[in-house]
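We did not get these values from a lab; they are worked out from the coordinates using the rules stated. As the structure is a computational prediction, the values presented were derived from the model and not from experiment. Backbone-built Cβ (ideal geometry, glycine too); neighbour counts: all protein chains shown.
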Amino acid sequence: MNILFATSEAVPLAKTGGLADVAGALPKALNKRGVDTRVVLPKYEEIPAALSSQFELIAHFTVSFGWRNQYCGLLKAEFDGTIYYLIDNEFYFKRKGLYGYGDDAERFVFFCFAVMEAVRYMEFHPDIVHCHDWQTGIIPFLLKTRYYHDPAWAYTKSVFTIHNLKYQGLFGIDLLKDLLGAGDDMFLTDSLEFHGAGSCMKGGLVYADKLTTVSGTYAQEIQTEYFGERLDSLLRYRSGDLIGIVNGIDDELFDPMNDSALEVPYRNSISRKRKNKVELQRELGLPQSEEIPLIGIVSRLVEQKGFDLIAATFEELLQEDVQFVVLGAGEGRYEHFLNDAAYHHPDKVAVWIGYDDRLARRIYAGSDMFAMPSQFEPCGLSQLIALRYRTVPIVRETGGLKDTVQAYNEYTGEGNGFSFTNYNAHDYMYTVRRALALFRNEEAWKQIVFNGNKEDYSWNRSAKAYISVYSQLAAHRKEKESWPVIL
């Protein structure tokens, strides 16, 4: 099979969040299984020069959308066995950052049209175009409406993956009509219209042949009113085509045995792992001790990630014999709160506002526990990385956190972390205190850490599940090709 990933970001080229990790690692895993998977994304200014310089221009052409005719360059390079294509238009993409501009609707509608045209120059006919989040949601719409009889897309099927339903690409109907050159009939409730606006996300949800999301629990949650972001009825209608597949992590990229950021490489040795804790404490100016439990947090500092629970319980938990290390950036109120806590408790709290990949890895490796009490979490990669580094997650039972972290049971010895169900501060604090108590039980703690390394959190299982989805669509495509032509 030939699979074309259309995405707005992908490691190693451009990243703002977990989507980039998925769009970088999943094609790599699929290619290892003999599925020719390629990735197409915009040529952002943010792409490091050392990488962008390796691309060669293979075509340039004009993209027509609405009344516009825009230049498009198509570039190609290969990294780690995966072919990447870049869509080049400096007017739209030669800017700082990936998103957040007033003309994002025009930028990503252009990108979707450009992908449709670029296939003509790729020497690669996709059996499946796999689209990710709202920035590529217009592609399945175009495939079913504008390009349905185009030979360049003959028999191609589409898959649309929801990474976070909250971000839907909502714009004015008149603007999207203008950009798409579409009439009123395309902006009804069963098409792109959404509560008086136009929705790019609905382009994927309505028109893609299969829908996936990034965990089984999230697939169920988004069909409810609480999590469904006003799209739950549509997702219930399409439930037969919706499947949840838990993300994986690149186990070569995240490997405590071969991570140059770590002071001491380790695999399953708690004693070697704790040498990294002491080094992290030293680096961040905390008292150095293997015996003090250290809780790590690497996150966007936003309400979704549970920071109202963390803030509400922080002072009380600091009465315990514990240390916190926090790395992240986000809402000013949380940044200010954490900086204030670090100022008043320099022996217990270290905070780094911003992001640093080296420090993130040292926190994953040096922490005993990893706190992630999210309000909602489609999948979550941080808990998977924590488990890979033998760090015990403390999570709320939602989305992918529920699917990947099982609460430790003292009676059976099962469970790889700690979890709570209800989103409230008391349950979170009780769960943290339970983890701190069990940390002091050496045998129990060894068992929890050991349980965490039993599961395969790489892309192996996830890639097989995606191949199953692709195969179903490809089989349907083959059936269609073999139908007799009736004249």
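Give me D for the chain in µm² s⁻¹, whole number, from Stokes-Einstein with Rh from the Kirkwood sum over alpha-carbon pairs, 10 °C and 1.306 mPa s. Could you put the intermediate results ahead of the total?
Values: Rh = 23.8 Å.
Estimated via Stokes-Einstein, D reaches 67 µm²/s.
Distance between the pseudo-spin-label points of F79 and D340 (7 Å out from Cα toward the beta carbon): 4.1 nm. Against the main long axis of the alpha-carbon atoms of the chain, helix 18-32 sits at an angle near 70°.
Against the globular-protein guess of 2.2 N^0.38 Å, express the Cα radius of gyration of the stretch 270-452 as a ratio, rounded to two decimals. Don't skip to the end; give the middle numbers.
Details: Rg = 14.8 Å, N = 183, 2.2 N^0.38 = 15.9 Å.
In units of the 2.2 N^0.38 Å rule of thumb, it is 0.93.
The string of couplings for the stretch 276-282 from the Karplus curve (6.51, -1.76, 1.60, θ = phi - 60°) is 5, 5, 4, 5, 5, 4, 4 Hz, one whole number per residue in order, with x for Gly and Pro. Close amide H contacts of T212 (hydrogens built in the peptide plane, cut-off under 5 Å, sequence separation of 5 or more or a different chain): F160, T161, I162, I243.
For V298, the amide hydrogen comes within under 5 Å of the amide hydrogens of L327, counting only partners 5 or more places away or on other chains and with H modelled in the peptide plane. The charge dipole of the chain, taken about its Cα centre with unit charges on the Cβ of Lys, Arg, Asp and Glu (plus for the first two, minus for the last two), comes to roughly 900 debye.
What length, rounded to one decimal in nm, is gained on full extension from N258 through to K32, with 0.36 nm per residue of separation minus their alpha-carbon distance?
Numbers: separation 226, 0.36 × 226 = 81.36 nm, distance 2.10 nm.
Answer, rounded to one decimal: 79.3 nm.
Please list, in chain and number order, the residues 5+ apart from T37 or on another chain whose amide H is under 5 Å from its amide H, with Hs placed from the backbone. Placed amide hydrogens put I3, N31 under 5 Å from T37. Label sites at R300 and E455, each approximated as a point 7 angstrom past Cα along Cα to Cβ, lie 2.3 nm apart.
Tell me whether the stretch 246-365 comes out rounded, prolate or oblate; compute the Cα gyration tensor, take square roots of the eigenvalues as a ≥ b ≥ c, and use a/c under 1.5 as the rounded threshold.
Oblate shape, in that a/c is at least 1.5 and b/c is the bigger or equal ratio.
Given their separation in residues at 0.36 nm each and the Cα-Cα distance between them, D103 and K166 gain 20.7 nm when the chain is fully extended.
Rounded to whole numbers, the Karplus 3J(HN,Hα) couplings from phi for the stretch 112-129 are 4, 4, 4, 4, 4, 7, 5, 4, 5, 10, 8, 6, 7, 9, x, 6, 10, 9 Hz, using 6.51 cos²θ - 1.76 cosθ + 1.60 with θ = phi - 60°, and x at Gly and Pro.
Nearest 0.05, what FRET efficiency do R230 and Q472 give at R0 = 22 Å with Cβ-Cβ as r? Intermediate results must be reported in sequence, preceding the final value.
Working: r = 29 Å, r/R0 = 1.32.
With R0 = 22 Å, the Cβ-Cβ based efficiency is 0.15.
The phi torsions of the stretch 370-375, fed into the Karplus equation with coefficients 6.51, -1.76 and 1.60 and a -60° offset, translate into couplings of 10, 8, 8, x, 5, 5 Hz, rounded to whole numbers, with Gly and Pro shown as x. Bridging of K76 to lysines at a Cα separation below 19 Å is possible for K15, K28, K43, K94, once same-chain residues fewer than 8 apart are set aside. Here the gap between E443 and T421, fully extended at 0.36 nm per residue and compared with their Cα-Cα distance, gives a gain of 5.3 nm.
A straight line joining the Cα centroids of the stretch 375-451 and the stretch 123-163 runs 39 Å. Put in order of Cβ neighbour count within 10 Å, fewest first, the listed residues M369, M257 become M257, M369. Put in order of Cβ neighbour count within 10 Å, fewest first, the listed residues T412, T37, T217 become T412, T217, T37. Across the stretch 109-146, the residues whose backbone nitrogen lies under 12 Å from the label position 7 Å along the beta-carbon direction of L175 are 109.
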